[in-house]
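Chemist: Okay, here's the structure, questions in a sec.
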Amino acid sequence: MIPIHPVYLIAGFGGGIFLFIKGFFWLKKKRLIENIPTSKIRSIAMGLVEVYGEVVPWKGVLKSPFSNKECVYYKFSIQEHRRTGKHSSWVTVKTGEAGMRFYLKDNTDKVLVDPTEADVNVSQDYAFSSGFGKDPPLAIKQFLKVNNMNFESFLGLNKQMKYHEYFIAPKDKLYILGTADDNPFVKDGNSIKNAEDIMIQKGKNKEIYMISDKDEKGILRSLTWKAFGGIFGGAVLTIGSLIIILIDLKLL
Amino acid sequence: MAIGIWIIVLVVLGLFGIGIVSYVISIFNGLIRLKNDIKKSWANIDVLLTQRADELPKLIASVKGYMKHESKTLTELTKARTAFLNAKTMPEKAAADNMISGTLKTLFAVSENYPNLKANENFMQLQTRISGIENELADRREFYNDSVNNYNIRIQSFPDLVVARMLAYTEEQMFKATEEGKKDVKVEF
């Protein structure tokens, strides 16, 4: 049998318990999503609501940092390949996000959405890897310069780096589970349009707030896999690590 | 050797116990939430029903002078409103709602026979507002029925039904539209 370092075994045991518990949180989230019917935007009531519709810009759009695409929200990460002795790994050197309020429109009406503090789960829209003989595009070079970062090492050779970008663009279809409440940016009666009176946002009691580009079925499928993987995988990892620890300690 | 096996047995039982307790708690909380969601979605319908009932006297006042030959419809509308205001339970309110919706449909349909009324700005504004409320009501009735459906499915499915029986939860009734309410109104010119 290949000897496993005790640190990995303890990490496996702890990680297994963590996964096991996390599995139940995913299960709880799945049940919550299943239990809340989708509201038509025209008739959403105050409180936790589930809506599905198309993104419409409110007041202008943002430009995504790497691909320069028009969007209402983006997040990104930059990873760098680093070596320490015999080992090498990808290290995340910068992450960030930005968003602005936007409308979500279905076939009945539209409502304002503030993505601040939302758990945004959208698929990757852009990825680029730079390395030896492969410079990043101009937009990325400018971004790195503004953020005092460099894609070249001190010898002038390109570092191995990965750039990932996720964004929500106009006309994207979104699933949102969030709190419909008064729009704090408009005073009662001063709103130009009714669509701005109510805004979907993070609840005052920090209720669940998620935005996804998957539909409800897709989200539920993914949560089912996560929940059962977490619960059963976590249990197997915990017990497996424990058995090896006990064998190492000659207690088995 | 024996200690090791005991440790494994204890950990397995511990995980199993935590799993069962967490699952039962999540079912318990889920069912309570579903039950409260039904109450909330009914309250959201009730708000609109009250708003619509508040608009009806203005509507009746605005059409009375024009629709002298439709006194039966107007009397029915007043009766339906009174029935709603006197209703205490959800089925009573639902029945009154069906009556109001049906009568309003008739009223708006026959209003086509009165060009002077159609030219009345006050009537047109009221019609738009009430029709808007009617549309929202339709959405919220649908939402209420979805909430009830989710709840009824849960309390009849294993293992939720075990917890539902412990809580003495029984099936909830959906919001049903009457056959009259579903029919289109024929307008005779």
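The values are calculated or read from the model by the stated rules, or taken from the named source; none is laboratory data. Please read these numbers as outputs of a predicted model, since none were measured by experiment. All Cβ positions, glycine included, derive from the backbone under ideal geometry; neighbour counts span all protein chains shown. Surface accessibility is based on the protein's heavy atoms, side chains included, excluding ligands, DNA and RNA. Shrake-Rupley method; radii C 1.70, N 1.55, O 1.52, S 1.80 Å.
Chemist: Wholly within segment B:101-179, which helices (runs of 4 or more DSSP H) include no fewer than the required count, namely at least 2 residues that are of a type in the set (Ser, Thr, Tyr) and within 19 Å of B:Ile45 (Cα to Cα)? It would help to see each step written out before you state the result.
Modeler: On the way: elements: B:115-118, B:121-156, B:160-166.
Hits in segment B:101-179: B:121-156.
Residues checked against (1) over 30 Å from A:Ala45 (Cα atoms); (2) exposed (fewer than 14 other Cβ atoms within 10 Å of the Cβ):
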| site | (1), (2) |
| --- | --- |
| A:Gly131 | yes, no |
| A:Lys134 | yes, yes |
| A:Leu155 | yes, yes |
| A:Asn158 | yes, no |
| A:Met161 | yes, no |
| A:Ile168 | no, no |
| A:Leu174 | no, no |
| A:Ala180 | no, no |
| A:Phe185 | no, yes |
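Chemist: Just wondering, is there one or more residues in segment B:121-138 that are under 25 Å from A:Asn35 (Cβ atoms), of a type in the set (Lys, Arg), open to solvent by 30 Å² or more (accessible area, probe 1.4 Å) and within 14 Å of chain A (Cβ to nearest Cβ)?
Modeler: No: zero hits.
Chemist: Among the residues of segment B:43-55, are any charged (D, E, K, R), under 28 Å from B:Asn98 (Cα atoms) and more than 14 Å from chain A (Cβ to nearest Cβ)?
Modeler: First, pick out the residues of segment B:43-55 that are charged (D, E, K, R): B:46, B:52, B:54-55.
Now restrict to residues that are under 28 Å from B:Asn98 (Cα atoms): B:46, B:52, B:54-55.
Now restrict to residues that are more than 14 Å from chain A (Cβ to nearest Cβ): B:54-55.
The answer is yes, given that some residue of segment B:43-55 is charged (D, E, K, R), under 28 Å from B:Asn98 (Cα atoms) and more than 14 Å from chain A (Cβ to nearest Cβ).
Chemist: Would you be able to tell me the number of residues in segment A:31-46 that are small (Gly, Ala, Ser) and either closer than 16 Å to A:Lys110 by Cβ or more than 7 Å from chain B (Cβ to nearest Cβ) (or both)? Walk me through it before giving the result.
Modeler: Of all residues in segment A:31-46, those small (Gly, Ala, Ser) come to A:39, A:43, A:45.
From what is left, the residues that are either closer than 16 Å to A:Lys110 by Cβ or more than 7 Å from chain B (Cβ to nearest Cβ) (or both) are A:39, A:43.
Counting residues in segment A:31-46 that are small (Gly, Ala, Ser) and either closer than 16 Å to A:Lys110 by Cβ or more than 7 Å from chain B (Cβ to nearest Cβ) (or both) gives 2.
Chemist: Would you check if there is a residue in segment B:11-20 being under 17 Å from B:Met166 (Cα atoms), assigned to a helix (DSSP H, G or I) and within 7 Å of another protein chain (Cβ to nearest Cβ)? Spell out how you get there, then give the answer.
Modeler: Filtering segment B:11-20 down to residues under 17 Å from B:Met166 (Cα atoms) leaves B:20.
Cutting the leftovers down to assigned to a helix (DSSP H, G or I) gives us B:20.
Going one step further and asking which of them are within 7 Å of another protein chain (Cβ to nearest Cβ), we end up with none.
Looking through segment B:11-20, none of the residues is under 17 Å from B:Met166 (Cα atoms), assigned to a helix (DSSP H, G or I) and within 7 Å of another protein chain (Cβ to nearest Cβ).
Chemist: Going by what's in this entry, would B:Lys40 be described as closer than 30 Å to A:Leu32 by Cβ and surrounded by fewer than 19 Cβ atoms within 10 Å (Cβ to Cβ)? Before the answer, list the steps.
Modeler: Details: closer than 30 Å to A:Leu32 by Cβ: yes; surrounded by fewer than 19 Cβ atoms within 10 Å (Cβ to Cβ): yes.
It is true that B:Lys40 is closer than 30 Å to A:Leu32 by Cβ and surrounded by fewer than 19 Cβ atoms within 10 Å (Cβ to Cβ).
Chemist: If you go through segment A:1-10, how many residues are loosely packed, with under 14 Cβ neighbours inside 10 Å and assigned to a helix (DSSP H, G or I)?
Modeler: Keep residues of segment A:1-10 that are loosely packed, with under 14 Cβ neighbours inside 10 Å, which gives A:1-8, A:10.
If we keep only those that are assigned to a helix (DSSP H, G or I) too, we end up with A:6-8, A:10.
So the answer is 4.
Chemist: Let me ask something additional. Which residues, taken from segment A:34-46, are among the aliphatic types (A, V, I, L, M) and surrounded by fewer than 19 Cβ atoms within 10 Å (Cβ to Cβ)?
Modeler: Quick first cut of segment A:34-46, residues among the aliphatic types (A, V, I, L, M) only: A:36, A:41, A:44-46.
Scanning segment A:34-46 gives a single hit, A:Met46.
Chemist: Right, next: Out of curiosity, is B:Lys35 of a type in the set (Lys, Arg), at the interface with chain A (Cβ under 9 Å from one of its Cβ atoms) and part of a helix (DSSP H, G or I)?
Modeler: On the way: of a type in the set (Lys, Arg): yes; at the interface with chain A (Cβ under 9 Å from one of its Cβ atoms): no; part of a helix (DSSP H, G or I): yes.
Considered against the rule, which asks whether it is of a type in the set (Lys, Arg), at the interface with chain A (Cβ under 9 Å from one of its Cβ atoms) and part of a helix (DSSP H, G or I), B:Lys35 comes out as no.
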